[in-house]
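The structure appears below as structure tokens.
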């Protein structure tokens with residue numbers, strides 16, 4: 001009986017027991033994994049009685065909810081709302097009061113018994129009926145509140161989200177324009193003025209320089225908020241909050257008040273100058289040094305700005321207060337978290353994240369946290385100020401893209417989750433399942449599977465919260481940009497959950513309400529005029545690829561992964577138009593690194609390959625792939641005859657490097673993204689998947705300042721050829 005009951009609960013909670021793996025073979029998750037996943041979702045699976053009782057409770061809670069918490073429909077679709085009522089109410093007149101987003105109200109009266117009844121149930125000896133009520137309304141796009149009343153009593157509330165059919169695409173791209181842009185890890189950028197890490201002023205300069213050469217976008221790594229008190233937790237894909245920004249990207253010198261004597265005394269000190277010189281000159285970003293000087297200067301600037309503007313009735317104070325108010329609990333929670341973590345660190349207490357905070361401080365909603373916030377109001381205000389300034393400086397950079405006439409401008413990147421010790425989880429514990437982590441099943445790149453250390457959202461809790469956390473995520477990450485790349489876009493359909501303590505291969509897929517999430521994505525995409533790119537690499541079910549395409553989401557095509565069964569590489573002219581193509585990504589070697597097998601050499605040194613046999617197989621595969629690439633490039637006349645045809649005698653040269661990029665530019669993808677590292681012919685990767693502290697991930701800087709980079713003749717010539725190739729591709 002247990003397995004049967006367990007399976008019923010598994011199906012109710014959207015746990016997928018069978019899937020197709022990366023090799024196209026059917027795979028089944030273990031029975032033990034099913035029970036563990038249910039335990040992580042809060043179920044006790046120790047006996048038939050307990051499982052049966054919890055199934056009954058779940059069913060009962062649905063019947064006792066008069067309305068569903070939320071319903072997402074597409075524009076011009078019929079609005080059908082489910083209503084569940086005890087039998088004694090079904091002959092009474094009921095009224096739906098719909099409050100539109102603009103404040104307008106609409107009422108619709110009905111008698112339940114006159115509607116279509118779909119099902120019935122007995123709960124505690126009371127008979128309940130479920131009806132479907134059709135609203136004869138054509139609601140505008142947006143978020144609308146619904147209240148159900150009878151005899152003046154409110155029986156339930158809900159939300160209707162009306163979404164467009166598909167995500168937004170700029171008119172020029174719709175008309176066939178093919179564009180190119182540069183992808184950059186902002187922290188890698190060197191400039192003559194930054195403080196050892198790329199900043200928003202550098203971004204503005206990069207936009208202006210790249211736009212002058214024909215680029216139509218600059219793609220960023222995630223710029224999510226990290227941990228001011230824990231600077232070495234620097235992965236952009238393991239943030240503290242995905243709604244807010246990394247304050248390290250603030251250009252301190254651009255804030256009013258920087259020139260004040262009190263600030264200049266700090267930045268002119270010998271200790272500050274020594275640390276600044278070190279931060280600028282080292283090969284890798286020294287996050288501790290950068291944090292030390294930036295926080296010291298930012299606190300001094302804040303004191304000046306606060307005294308001048310934020311303590312009296314100024315227009316600056318009104319703007320600051322409006323920003324804080326619109327940020328709501330999410331912003332307050334981050335600022336309080338940053339102040340609290342800093343305090344604990346100063347006191348010498350363990351402070352890497354909320355799981356090690358003192359018990360009374362482990363939850364944002366605890367009274368002790370409110371007491372801390374009140375006692376440390378000025379420091380909390382400082383962290384709010386940092387988010388306000390960061391948002392302004394990002395917007396200034398985005399405005400430069402608009403002024404330069406870029407088709408897209410900035411494109412931002414939304415990470416798939418937040419790290420376990422994050423402020424985002426600290427403030428919404430109900431939503432996250434901290435007993436599990438997001439990852440991936442075994443695939444070609446990760447034969448043992450992957451565990452990313454990011455606790456997943458509980459899909460049911462997300463639904464019960466009327467999808468507000470997802471709405472906020474999409475909206476905030478589309479701000480100040482023209483496009484959003486969604487990392488691991490399959491998360492909209494399903495996520496591979498790995499229970500704490502288990503191997504990644506022993507996880508299982510849990511499904512999410514993909515159609516609802518895509519509807520919200522489309523709505524926010526139109527509101528923010530943001531094109532959406534979905535990173536659809538790895539184990540991707542066909543159902544999601546076609547669904548994403550139908551919803552206007554652009555696919556992600558990486559040249560090295562676009563291989564036919566015979567080992568040959570597909571021509572980029574065969575890629576879908578509705579896609580962004582690229583040669584490499586932040587998880588891959590640079591072109592030089594790939595061609596000279598430096599990534600395999602590095603992997604061996606770091607102990608990433610269990611056996612010499614596996615490594616030799618990778619070398620052999622690489623050798624064959626490089627020959628196939630040369631065949632492809634020569635076959636399409638993308639490189640000149642003087643570039644060798646035999647891989648045994650052909651190393652990576654500037655001509656081959658540029659030829660590969662121009663080969664991509666002639667393709668059919670609407671967007672082409674190129675890496676600045678390959679323009680600078682760099683050999684080291686920015687990140688090596690599967691490593692933690694074995695390699696300086698997320699720290700390696702570019703080898704040249706952006707000011708001098710764009711003065712190089714070879715770079716200008718490459719950009720000109722890319723622009724020309726994209727124009728020709730637009731007319732094919």
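Keeping to the stretch 464-512, report how many residues are assigned to a loop (DSSP other than H, G, I, E, B) and in contact (Cβ under 8 Å) with a residue 60 or more places away in the chain.
Adding up the residues that qualify gives 13.
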Checklist entry - In the stretch 243-264, which residue that is in contact (Cβ under 8 Å) with a residue 24 or more places away in the chain and assigned to a helix (DSSP H, G or I) is surrounded by the most Cβ atoms within 10 Å (Cβ to Cβ)? => result 248
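This table checks each residue for (1) at pLDDT 95 or above; (2) in contact with a helix residue (DSSP H, G or I) (Cβ under 6 Å, 6 or more places away or on another chain).
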position: 476; (1), (2): yes, no
position: 479; (1), (2): yes, no
position: 482; (1), (2): yes, no
position: 486; (1), (2): yes, no
position: 505; (1), (2): no, no
position: 536; (1), (2): no, yes
position: 541; (1), (2): no, no
Checklist entry - Among the listed residues 60, 8, which satisfies the condition of being touching a helix residue (DSSP H, G or I) at 6+ places or on another chain (Cβ under 7 Å) and either surrounded by fewer than 16 Cβ atoms within 10 Å (Cβ to Cβ) or in a strand (DSSP E or B) (or both)? => result 8
Next on the checklist: When you scan the stretch 169-190, do you find a residue that is in a strand (DSSP E or B), touching a residue at least 40 places away in the same chain (Cβ under 8 Å) and farther than 26 Å from residue 528 by Cα, even just one?
Outcome noted: yes
Checklist entry - Out of all the residues in the stretch 551-567, which are touching a residue at least 60 places away in the same chain (Cβ under 8 Å), buried (at least 16 other Cβ atoms within 10 Å of the Cβ) and not in a helix (DSSP H, G or I)? => result 551, 552, 553, 554, 556, 557
Next on the checklist: Scan the stretch 415-429 and tell me whether some residue there is over 26 Å from the mean Cα position of the chain (by Cα) and at pLDDT 95 or above.
Outcome noted: no
Item to check | Which listed residue, of 348, 421, is under 29 Å from residue 536 (Cα atoms) and out of contact with any strand residue (DSSP E or B) (no Cβ under 8 Å at 6 or more places or on another chain) | outcome: 421
Item to check | In the stretch 424-456, the residues that are out of contact with any strand residue (DSSP E or B) (no Cβ under 6 Å at 6 or more places or on another chain) and within 15 Å of residue 243 (Cα to Cα) | outcome: 426, 427, 428
Checklist outcome for this item: Of the residues in the stretch 461-479 that are surrounded by 18 or more Cβ atoms within 10 Å (Cβ to Cβ) and more than 15 Å from the chain's Cα centre (by Cα), the one that is farthest from residue 532 (Cα to Cα) is 465
Next on the checklist: Any residue that is buried (at least 20 other Cβ atoms within 10 Å of the Cβ), touching a residue at least 24 places away in the same chain (Cβ under 8 Å), within 30 Å of residue 173 (Cα to Cα) and in contact with a strand residue (DSSP E or B) (Cβ under 7 Å, 6 or more places away or on another chain) - is there at least one of those in the stretch 652-664?
Outcome noted: yes
Checklist entry - Can you tell which of 629, 688 is surrounded by 14 or more Cβ atoms within 10 Å (Cβ to Cβ), in contact (Cβ under 8 Å) with a residue 40 or more places away in the chain and farther than 26 Å from residue 221 by Cα? => result 629
Next on the checklist: farther than 19 Å from residue 304 by Cα, over 22 Å from the mean Cα position of the chain (by Cα) and surrounded by fewer than 15 Cβ atoms within 10 Å (Cβ to Cβ): which single residue out of 349, 362, 373 fits that description?
Outcome noted: 349
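Please go through the stretch 527-544 and give me each residue that is in a helix (DSSP H, G or I) and over 18 Å from the mean Cα position of the chain (by Cα), ordered by number.
Selection gives 527, 542, 543.
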Checklist outcome for this item: Filtering the stretch 69-94 down to residues that are out of contact with any helix residue (DSSP H, G or I) (no Cβ under 8 Å at 6 or more places or on another chain) and part of a loop (DSSP other than H, G, I, E, B) yields 75, 76, 77, 78, 93
Next on the checklist: If I ask for residues that are within 20 Å of the chain's Cα centre (by Cα) and either closer than 21 Å to residue 533 by Cα or assigned to a loop (DSSP other than H, G, I, E, B) (or both), which ones from the stretch 204-227 would you list?
Outcome noted: 217, 218, 219, 220, 221, 222, 223, 224, 226, 227
Next on the checklist: Whether any residue in the stretch 569-589 is over 27 Å from residue 177 (Cβ atoms), in contact with a strand residue (DSSP E or B) (Cβ under 9 Å, 6 or more places away or on another chain), surrounded by fewer than 16 Cβ atoms within 10 Å (Cβ to Cβ) and not assigned by TED's automatic domain parsing to the domain that holds residue 25 is what I want to check.
Outcome noted: no
Checklist entry - Among (1) surrounded by fewer than 22 Cβ atoms within 10 Å (Cβ to Cβ); (2) closer than 23 Å to residue 518 by Cα; (3) in contact with a helix residue (DSSP H, G or I) (Cβ under 7 Å, 6 or more places away or on another chain), which single condition is residue 434 missing? => result (2)
Item to check | Test result for residue 323, within 28 Å of residue 222 (Cα to Cα) and more than 25 Å from the chain's Cα centre (by Cα) | outcome: no
Next on the checklist: Checking the structure you have, find out if any residue of the stretch 178-191 is over 26 Å from the mean Cα position of the chain (by Cα), more than 27 Å from residue 521 (Cβ to Cβ) and at pLDDT 95 or above.
Outcome noted: yes
Checklist outcome for this item: Selection from the stretch 118-163 of residues outside any loop (DSSP other than H, G, I, E, B) and exposed (fewer than 14 other Cβ atoms within 10 Å of the Cβ) yields 118, 119, 120, 122, 126, 127, 132, 134, 153, 154
Next on the checklist: Going residue by residue through the stretch 396-417, is there one that turns out to be touching a helix residue (DSSP H, G or I) at 6+ places or on another chain (Cβ under 7 Å), part of a helix (DSSP H, G or I) and crowded, with 22+ Cβ neighbours inside 10 Å?
Outcome noted: yes
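The values are calculated or read from the model by the stated rules, or taken from the named source; none is laboratory data. Owing to the predicted nature of the structure, the values given are computational and were not obtained by experimental measurement. All Cβ positions, even for glycine, are placed from backbone atoms using ideal geometry, and neighbour counts span all protein chains on display.
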